[in-house]
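All remarks here apply to the structure that follows.
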Amino acid sequence: LNTSVGLLRGTVAGTDIYRHMTNYGPLNIDLSKYSGVEVSIKYRYTSETPSDMIVYFITDEDRTWGEDKNRYEKHISTDSGDEFVVYTFDFSKNKKWTGTLRGLRFDAFRAANGSFEIDYIRLIPKE
């Protein structure tokens, strides 16, 4: 992973690509103010069919990464071209989306080879 011109860029060589946002310190964000996560991403990967992007979260109350604290969103294709695509991960109905957010994990896609650029990652305020 590297950053350039305000983008987070990554190249994938293997099937389990992820990035923990806790590597930059605990986030310490009050989840009562937010309903989910929005990610703007450009991607290209080798696969016969579109894969999923997955966002995981951990909190002060539960610091274990797991399937009970994630959301999947299907890519529309294996190549977004030169366009950033916005994906919304709604955690408002997840009982574990409570307390203090400690970290986020992003799996850009599940494919052996590819690349991605993330323009932004933001929390969605509750309405």
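Would you mind telling me the share, in percent, of accessible area of region 65-127 contributed by carbon and sulfur at probe 1.4 angstrom? Working shown, then result.
On the way: 1670 of 3550 Å².
Answer for region 65-127: carbon and sulfur cover 47 percent of the accessible area.
Among the listed pairs 95/126; 33/93; 42/95; 42/96; 33/95, a Cα-Cα separation exceeding 21 Å is found for 42/95; 42/96. Backbone phi angles across region 113-119, fed through the Karplus curve with coefficients 6.51, -1.76 and 1.60 (θ = phi - 60°), yield HN-Hα couplings of 9, x, 8, 8, 9, 9, 7 Hz in residue order; Gly and Pro are listed as x. Each listed q (0.24 Å⁻¹) maps to a log10 I(q)/I(0) for region 85-127, found by the Debye formula over equal Cα scatterers with no solvent: -1.12.
Treat every Asp and Glu Cβ in region 8-127 as -1 and every Lys and Arg Cβ as +1, leave all other atoms uncharged, and give the resulting dipole magnitude about the Cα centre to the nearest 20 debye. Show your work: numbers first, answer last.
Values: 17 positive and 19 negative charges, 62 e Å.
The calculation lands at about 300 debye.
Enter the accessible area per residue of the chain (Å², integer; probe 1.4 Å; all protein chains in place).
On the way: 7070 Å² over 127 residues.
Per-residue accessible area for the chain comes out at 56 Å².
Taking the Kirkwood radius as Rh and the Cα radius of gyration as Rg, the chain has a ratio of Rg/Rh equal to 0.96. Across region 52-127, the relative contact order, built from alpha-carbon pairs under 8 Å that are at least six residues apart, equals 42 percent. Could you work out the longest stretch of the chain that avoids the trypsin sites (Lys or Arg not before Pro) located in DSSP loops with at most 14 other Cβ atoms within 10 Å? Between exposed loop sites, the widest span is 1-62.
The values are calculated or read from the model by the stated rules, or taken from the named source; none is laboratory data. Quantities reported herein were computed from a predicted structural model and do not represent experimental measurements. Counting neighbours? That spans all protein chains shown, and the Cβs are built from the backbone with ideal geometry, glycine included. What goes into the accessible areas is simple: the full protein's heavy atoms, side chains included, and nothing from ligands, DNA or RNA. Shrake-Rupley method; radii C 1.70, N 1.55, O 1.52, S 1.80 Å.
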